[in-house]
Amino acid sequence: MDETLPTATVRTRVTVPLRFPDGYVTTARVHTFHGLVDGREHLAFGLGEHADAGPPLVRPHSECLTGDVFGSQRCDCGPQLREAVERIAEAGGYLLYLRQEGRGIGLYAKLDAYALQDGGLDTYEANLALGHGSDERDYTVAAQMLAALGVDRVALLSNNPDKAAQLERLGVTVADRVSTGVHLSPANASYLAAKVTRADHALDLPFVP
Ligand SMILES: [Zn+2]
């Protein structure tokens, strides 16, 4: 582990049965933490049993209230979260639920960015127009949580090269990268295309060369 990473410790661990709207059920071991650098209430969901010798499957998922809870069609966060829970439950690992809405700019600013996107900007341009970075997410707390859980090598479930690069810099060995599925809908097509063309996400979209 990176010696400069501040130490966090597990604060509580509770078992929570999960049932998703499509009927999928599993059980999570939900962890809370002391010592996370930003003071926010991030969670680690331990899922499945990690039996083999390889690294656990880990997905850092950034909170998206509109997509995760309300099924917003403007992004693919809800389907990505649902897919990640099932895949991690099968392989054994952790879903890190990070409280950094709107790529780190917050919920209200994300909705302001939607308004700008309705005027023609893409999701990254809209954040910049609001005076934010195109992506302000920081994975320091993800690395802290993994260290507290005793995990220093992961199979990373993500299409986002920035997540892998940040975790490596923070001392987490990304031994394998596992892509998520493509959750395309008419309402999120331009959003997904921007992820590919602006941030090099590894998504196979039929309309992006
Ligand atoms: Zn979203």
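The values are calculated or read from the model by the stated rules, or taken from the named source; none is laboratory data. Not measured: the values here are computed from a predicted model. Note: ideal-geometry Cβ built from the backbone for every residue, glycine included; neighbour counts use all protein chains shown.
A search for C-beta distances below 7 Å between a residue of the range 34-60 that is in contact (Cβ under 8 Å) with a residue 40 or more places away in the chain and over 11 Å from LEU95 (Cβ atoms) and any residue that is hydroxyl-bearing (Ser, Thr, Tyr) and in a loop (DSSP other than H, G, I, E, B), counting only pairs 6+ apart in sequence or on different chains, returns GLY35/THR7. Filtered by the rule that a residue be away from the ligand (no atom under 13 Å from the Cβ) and either surrounded by fewer than 21 Cβ atoms within 10 Å (Cβ to Cβ) or more than 22 Å from GLY23 (Cβ to Cβ) (or both), the range 75-88 gives GLU83, GLU86, ARG87. All conditions in (1) closer than 20 Å to ILE88 by Cα; (2) surrounded by fewer than 18 Cβ atoms within 10 Å (Cβ to Cβ) hold for GLU168, with the sole exception of (1).
Conditions tested, residue by residue: (1) surrounded by fewer than 19 Cβ atoms within 10 Å (Cβ to Cβ); (2) more than 15 Å from the ligand (Cβ to nearest atom); (3) within 25 Å of ALA142 (Cα to Cα); (4) among the hydrophobic types (A, V, I, L, M, F, W, C).
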{"residue": "GLN73", "(1), (2), (3), (4)": "yes, no, no, no"}
{"residue": "GLU90", "(1), (2), (3), (4)": "yes, yes, yes, no"}
{"residue": "TYR94", "(1), (2), (3), (4)": "no, yes, yes, no"}
{"residue": "GLN100", "(1), (2), (3), (4)": "no, no, yes, no"}
{"residue": "ILE105", "(1), (2), (3), (4)": "no, no, yes, yes"}
{"residue": "TYR108", "(1), (2), (3), (4)": "yes, no, yes, no"}
{"residue": "GLY119", "(1), (2), (3), (4)": "yes, yes, no, no"}
{"residue": "GLU125", "(1), (2), (3), (4)": "yes, yes, no, no"}
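Residues that are aromatic (Phe, Trp, Tyr) and part of a strand (DSSP E or B) were ranked within the range 20-50; the one that is surrounded by the fewest Cβ atoms within 10 Å (Cβ to Cβ) is PHE33.
Here is a yes/no grid of residues against (1) without any contact (Cβ under 8 Å) to a residue 12 or more places away in the chain; (2) within 16 Å of the chain's Cα centre (by Cα):
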{"site": "ALA113", "(1), (2)": "no, no"}
{"site": "GLY131", "(1), (2)": "yes, no"}
{"site": "VAL141", "(1), (2)": "no, yes"}
{"site": "SER190", "(1), (2)": "no, no"}
{"site": "THR197", "(1), (2)": "yes, no"}
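Selection within the range 153-163: residues that are surrounded by fewer than 18 Cβ atoms within 10 Å (Cβ to Cβ) and modelled with pLDDT under 95. The member of this set that is nearest to PHE33 (Cα to Cα) is ASP162. Based on what the data block shows, is GLN144 buried (at least 20 other Cβ atoms within 10 Å of the Cβ) and of a type in the set (S, T, N, Q)? In short, yes.
For GLY133, indicate whether it is of a type outside the set (Asp, Glu), more than 16 Å from the ligand (Cβ to nearest atom) and either under 16 Å from LYS163 (Cβ atoms) or modelled with pLDDT of 95 or more (or both). Considered against the rule, which asks whether it is of a type outside the set (Asp, Glu), more than 16 Å from the ligand (Cβ to nearest atom) and either under 16 Å from LYS163 (Cβ atoms) or modelled with pLDDT of 95 or more (or both), GLY133 comes out as yes.
Is it true that some residue in the range 52-65 is of a type in the set (Ser, Thr, Tyr) and within 16 Å of the ligand (Cβ to nearest atom)? There is at least one residue in the range 52-65 that is of a type in the set (Ser, Thr, Tyr) and within 16 Å of the ligand (Cβ to nearest atom).
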